[in-house]
Amino acid sequence: MATKRMNESWQQVRSQIESIWSEATFSDQEMKKARGNMRRMVNLIHQKTGEPTSEIFQKISAII
């Protein structure tokens, strides 16, 4: 269900992700691949920041 909500409000979710993890740079291509897929998004942010996946998942869940 979270993945569906993430896909439906993509622009807002993307903006908030880029705001929360402002130290990381996300290309359009990376974001398009992860769009609508919670696990891919969490893994992408983890690769860019090194933040634990459990914390990333909690933050994304809070914004969607």
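Throughout, read-outs are computed from the coordinates displayed, never taken from laboratory work. Not measured: the values here are computed from a predicted model. Positions of Cβ are backbone-derived with ideal geometry, glycine not excepted, and every protein chain shown enters the neighbour counts.
Quick check, is Val13 within 10 Å of Ile64 (Cβ to Cβ) and under 11 Å from the mean Cα position of the chain (by Cα)? Yes; evaluated as a whole, the condition is true for this residue. Got at least one residue in segment 34-45 being closer than 14 Å to Ile63 by Cα, of a type in the set (D, E, K, R) and free of Cβ contacts under 8 Å to residues at least 12 places away in the same chain? The answer is no, given that none of the residues of segment 34-45 is closer than 14 Å to Ile63 by Cα, of a type in the set (D, E, K, R) and free of Cβ contacts under 8 Å to residues at least 12 places away in the same chain.
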